[in-house]
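S.K.: One structure is given below, represented as structure tokens, and several questions about it will come after.
The values are calculated or read from the model by the stated rules, or taken from the named source; none is laboratory data. None of the values given here were measured: they were computed from a predicted structure. Please note: Cβ atoms are built from the backbone with ideal geometry, for glycine as well, and neighbour counts cover all protein chains shown. Please note that ligands, DNA and RNA were not included when accessible areas were found on the heavy atoms of the full protein model with its side chains. Shrake-Rupley method; radii C 1.70, N 1.55, O 1.52, S 1.80 Å.
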Amino acid sequence: MATKKTTRADNRSKKETEQPAMEEMSAIDLLEEDHREVEELFDEYEKLEGESDKKQLASKICMALQVHTMIEEEIFYLAAREAIEKPERIDEAIVEHASAKQLIVEIEDMEPGEELYDAKVKVLQEQVLHHVEEEEGELFPQVEASELDLEALGKKMAERKAALQEQVAHGEEPA
């Protein structure tokens, strides 16, 4: 698989990869792909002006984050906690997830144009970007240095993600 590093306009590095099947990705590759996807969605949201477009994209962002946090908490963090020497970063990530989940609930209960709607989406973006920076800069290197089978874990995570996305496609909340 060809991989190249590029730099985004905001000077963050971004891995661009020829897309393998989700089931063939390592756990970290899958999570990083999710991170890039949601970063792009937030960037797109910032450019929108129409309320219906904002609602639709905010819902997409919230759903992507819900699925992502579920596979991290249910599968990745459990395995990583056992594999690394200092699991404190996982505890912090779980707390960050709780904060993001609260904002997601608030955003989903609101409509664009309501007071603080855009502000809540912006704060969610800032929290997610902070979370991604710490996860990719601190936690992922620890996990990569461990004995954890990231390919097998990635397959398990991809299967769970596909099941959650199937639920969403049928109008269900991911569970």
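S.K.: Looking only at residues in the range 68-83 that are open to solvent by less than 10 Å² (accessible area, probe 1.4 Å) and in contact (Cβ under 8 Å) with a residue 40 or more places away in the chain, which one is farthest from the chain's Cα centre (by Cα)?
M.R.: Of all residues in the range 68-83, those open to solvent by less than 10 Å² (accessible area, probe 1.4 Å) come to 71-72, 76-77, 80.
Checking which are in contact (Cβ under 8 Å) with a residue 40 or more places away in the chain leaves us with 71-72, 76, 80.
On the way: Ile71: 9, Glu72: 9, Phe76: 12, Ala80: 17 Å.
The extreme case among them is Ala80.
S.K.: Of everything in the range 84-121 that's surrounded by fewer than 16 Cβ atoms within 10 Å (Cβ to Cβ) and touching a residue at least 60 places away in the same chain (Cβ under 8 Å), which residue is nearest to the chain's Cα centre (by Cα)?
M.R.: Within the range 84-121, the match that is nearest to the chain's Cα centre (by Cα) is Glu111.
S.K.: Now for a different question. For the range 98-149, which residues satisfy the criterion of being closer than 21 Å to Ile75 by Cβ and assigned to a loop (DSSP other than H, G, I, E, B)?
M.R.: Once the filter is applied, which keeps residues that are closer than 21 Å to Ile75 by Cβ and assigned to a loop (DSSP other than H, G, I, E, B), the range 98-149 yields Ala145, Ser146, Glu147, Leu148, Asp149.
S.K.: Related question: Hey, Ala64 hits all of (1) buried (at least 18 other Cβ atoms within 10 Å of the Cβ); (2) closer than 17 Å to Leu31 by Cα but one; which does it fall short on?
M.R.: Looking at each condition in turn, Ala64 falls short on (1).
S.K.: Right, next: How do the pairs read when you match residues in the range 150-173 that are more than 14 Å from Asp34 (Cβ to Cβ) and open to solvent by less than 50 Å² (accessible area, probe 1.4 Å) with residues anywhere that are modelled with pLDDT of 95 or more and part of a loop (DSSP other than H, G, I, E, B), using Cβ under 6 Å and keeping only pairs 6 or more apart or on different chains?
M.R.: Filtered contacts from the range 150-173: Leu150/Ser26.
S.K.: Determine whether the range 75-87 contains at least one residue that is under 19 Å from Asp43 (Cα atoms), at pLDDT 95 or above, out of contact with any strand residue (DSSP E or B) (no Cβ under 8 Å at 6 or more places or on another chain) and part of a helix (DSSP H, G or I). Show your work before the answer.
M.R.: Narrowing the range 75-87 to residues under 19 Å from Asp43 (Cα atoms): none.
Among the residues of the range 75-87, not one is under 19 Å from Asp43 (Cα atoms), at pLDDT 95 or above, out of contact with any strand residue (DSSP E or B) (no Cβ under 8 Å at 6 or more places or on another chain) and part of a helix (DSSP H, G or I), which makes the answer no.
S.K.: I'd like to verify a number: residues in the range 37-74 that are of a type outside the set (S, T, N, Q), more than 20 Å from Ile94 (Cα to Cα) and in a helix (DSSP H, G or I), how many?
M.R.: The initial filter retains those residues of the range 37-74 that are of a type outside the set (S, T, N, Q), namely 37-51, 53-55, 57-58, 60-65, 67-68, 70-74.
Among the residues that remain, those that are also more than 20 Å from Ile94 (Cα to Cα) are: 37, 40-51, 53-55, 57-58, 60.
Filter again for in a helix (DSSP H, G or I), leaving 37, 40-47, 51, 53-55, 57-58, 60.
Total satisfying the criteria: 16.
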